[in-house]
């Protein structure tokens, strides 16, 4: 897995069933409200 770049892994995960993606632009605030079970990944790239 180390041979893959972060953006490549993220793009693949986004295609999977049950995955929702919320992107936040630079200098924009975003609040995320989830009703679990859930795993929240924050990727700054």
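The values are calculated or read from the model by the stated rules, or taken from the named source; none is laboratory data. All values derive from a computational prediction rather than experimental measurement. Here the Cβ positions follow ideal geometry from the backbone for every residue, glycine too, while neighbour counts run over all protein chains shown.
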Contact list, first residue from the range 17-36 and more than 21 Å from residue 7 (Cβ to Cβ), second anywhere and surrounded by 10 or more Cβ atoms within 10 Å (Cβ to Cβ) and at pLDDT 95 or above, beta-carbon distance below 6 Å, six or more apart or interchain, is none
Consider residue 42 carefully, then state whether it is within 11 Å of the chain's Cα centre (by Cα) and outside any loop (DSSP other than H, G, I, E, B). no
